[in-house]
Amino acid sequence: MHLKSLKITNFRKFGQEHNVVEFVGAKDISSKSPSINIAPSTTLIVGKNNSGKTTITEALKKFLGKGGTSFHANDFNFIYLSGLLDEYKSDKFEKLPTIEFEIAVGIDFDSDCDLVTNIAPFMNIENAHTSEKERDFRVVLKYEVKEKTKFEEAVKLAMGKKKNDSVFFRKFLELINNTDFSMNYYDSEGVLLADSKFKINDLIDIAVINANKIIDDKSLSETFNRIIKFRYKLESKPEVKDAVEVEIDKINSTITEKVSAPHAASINAALSRIESSDHLEVNLRPDLTFEQIISSVIKYEYKEGKFHIPEGQFGLGYSNLMTIIGELIEYIEKYPKQECHSKINLICIEEPEAFMHSQMQELFIKHINDAVSFLLNDSKKEINSQLIITTHSPHILNSKIHSGNSFDNISYITIADSFSNVVNLNDRNVMEDKTAAGVQKDSGAPSKQTVDDLKFLKKHIKYKVSELFFSDAVIFVEGVTEETLLSYYIDQDESLSRYYISIFNINGAHGLVYHPLIKLLKVPNLIITDLDIKRTDTEKDDCLQVSDLAGRVTTNKTIAKYNSGKEKLDGISGSFEDGNINVVFQWEKTEGYYATSFEESFILTNYDNNILNKVLASIKPDTYSEIVGTPVAKNKLKDASYKFQSKLSKSKSDFSNELLYEIVICDDVGAIPKTPKYIVDGLTWLKGSLKKQAEEGGK
């Protein structure tokens, strides 16, 4: 039996859509090779700060009654409450404030565990979702108003007092805090289990390990002291405990004889000069115990070569790792043996990357499963456990994708329309099926092209994964010149410079592989591509300019995809916008010509700019002299832009770096070359998208 999913409704930033988190279950884990590492067998929850990762852990704790079952008004989604208020103002009280959680539990009937008895109240044929060897059962928990009439009267009374909306909303929150709520169980058909003795914590338990708990230089000692005390009390043989007590008694006797007795005699002699010893006398008695030895006497040290380093002087990364391992050991040690097969056990490690350098983070996610397995085997306990890790570490995410060779079991949390939005990634939904037209799909099997694209994505994303999953926006470009210069222009923009915008330099055709994933992540994505006008060999040899698109076609697959699959450029106008994706290209004439690349468009836009002319003359002196002549006629660059961009085809890196150098050292802002219009339009769209995202709470 394992937890398959958790649905969170109206709790904090979670609303009523895109609110289901999927978990990898025990069956999925056991089907893997026993030698495989943590990457494919752990649910990884990733997202930027304040997106809702921790809320998922809190929801599980609330659902399971950890830390209390009561909620506060601030636990409700404020947008949801605001909508309810609007209805109440119209005297509609059909809906009352409710927080709802729903879990799906998978039961593998080939398993020998005895958890089935704990979910018996929910087991009926009607509400079971059945596969060949497994059934899913749903458990719904609602936090509901106890007395509808009383609540309705209280709201009406509050509305009767004239308040502005913001004040009234605060009063409404106070009213909710003072309202009696109850926790009620329902089955998947919505039937209230009023008389059931079922408790969810009889079925599921959760242990939350909060990383970043290095409070002082004794954190490690305190963690392992608890473990040793527990083991000593529970597992030590009587003869071992007796032997330890004998040694402690010897120490106490020695202290009494050598220290306490002589000093007590001296003190009492002095006191007797004032008051009779019959009335006043002190006795100094040592009282050393095992607990005191463990807590105060034993110190933990790290071994480094031949030296032993006190824990307070060791790196925080190692200390954090040891604390995580220590808490895992403590959880396993204290887990009752009689419950090993009777519960689903969730082990949640929150943001383990704290203080760890990047390589340690990658090793942690790769091998934590081995560590947990070893601890379980060492304790001889068979705990039915699932591991959940929340993180905003790109290195942990990167390691999971590449170690597991899969996007499976990654839940990405973002903000969309002001709500936490869950995207459960897997190898199927990050790819667009590319079965050839007219070819019938066979039982859902992906085409070879789709499989190859997935391989490419997993390998190529290795160096950009952090920028993709943790960016405010992504820009795809097709060349080194765009990549080099765009970073500068974005940094100079007062609005865009406040966001984390990553730039991918990737060929347009291969860039299409990213589009399904980008749409899933809902990140504003600007694709800057080239018109790529198809030319005849003669036109190429003669470097003819293009001033009319009639009869012209493009070789750019991205443009063709978003132009309804058409390669023809006749009548093409504007950019292509598809949700969070915007494709821009040189669709307008610049100085009377259609540019076919960024370099050509840049030259047409800045033909009379001194910096551009200086760089062109430096990179391609012969070509520059041939075109502009003597004396220099910069306007001639307009009629030879395609020729110059052709000459630059093998020198783009030199061109972009030299251009950036001249721009950076220039003190006159007015002398800086301008950005081509199609890119200006794209960046304007990006600003609007980011502003909207920020207003929705996504920044």
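Just so it is clear, none of the values below were taken in a lab; they were calculated from the coordinates. As the structure is a computational prediction, the values presented were derived from the model and not from experiment. With ideal geometry, Cβ positions are generated from the backbone for all residues, glycine too; neighbour counts draw on all protein chains shown.
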Starting from the 7 Å offset along Cα-to-Cβ, what nm value, one decimal, do you get for the label separation of T254 and L192? 7.0 nm
Quick one: length gained pulling L363 to S266 fully straight, 0.36 nm per residue minus the C-alpha distance? 28.7 nm
Count the net charge of all other residues whose Cβ sits under 12 Å from the Cβ of S575, scoring Lys and Arg as +1 and Asp and Glu as -1. -3
Between E626 and K589, what is 0.36 nm times their sequence separation minus the Cα-Cα distance? Round to one decimal in nm. 10.8 nm
Considering only the other residues whose Cβ falls under 12 Å of the Cβ of Y88, what net charge follows from Lys and Arg at +1 and Asp and Glu at -1? -2
Each label point is 7 Å from the Cα along the Cα-to-Cβ direction; what then is the distance between the points at V553 and N426, in nm? 3.9 nm
What is the extension gain from F456 to N635, computed as 0.36 nm multiplied by their sequence separation minus the C-alpha to C-alpha distance, in nm to one decimal? 60.0 nm
FRET efficiency, K448 to K237 (Cβ-Cβ, R0 51 Å, nearest 0.05): 0.20
Please give, to one decimal in nm, the separation of the simple spin-label points placed at V669 and I79, each 7 Å out from Cα toward the Cβ. 3.6 nm
Among I103, I325, what is the fewest-to-most ranking by other Cβ atoms within 10 Å? I325, I103
Given a Förster radius of 45 Å and the C-beta distance between A694 and K156 as r, what FRET efficiency does 1/(1 + (r/R0)^6) yield to the nearest 0.05? 0.75
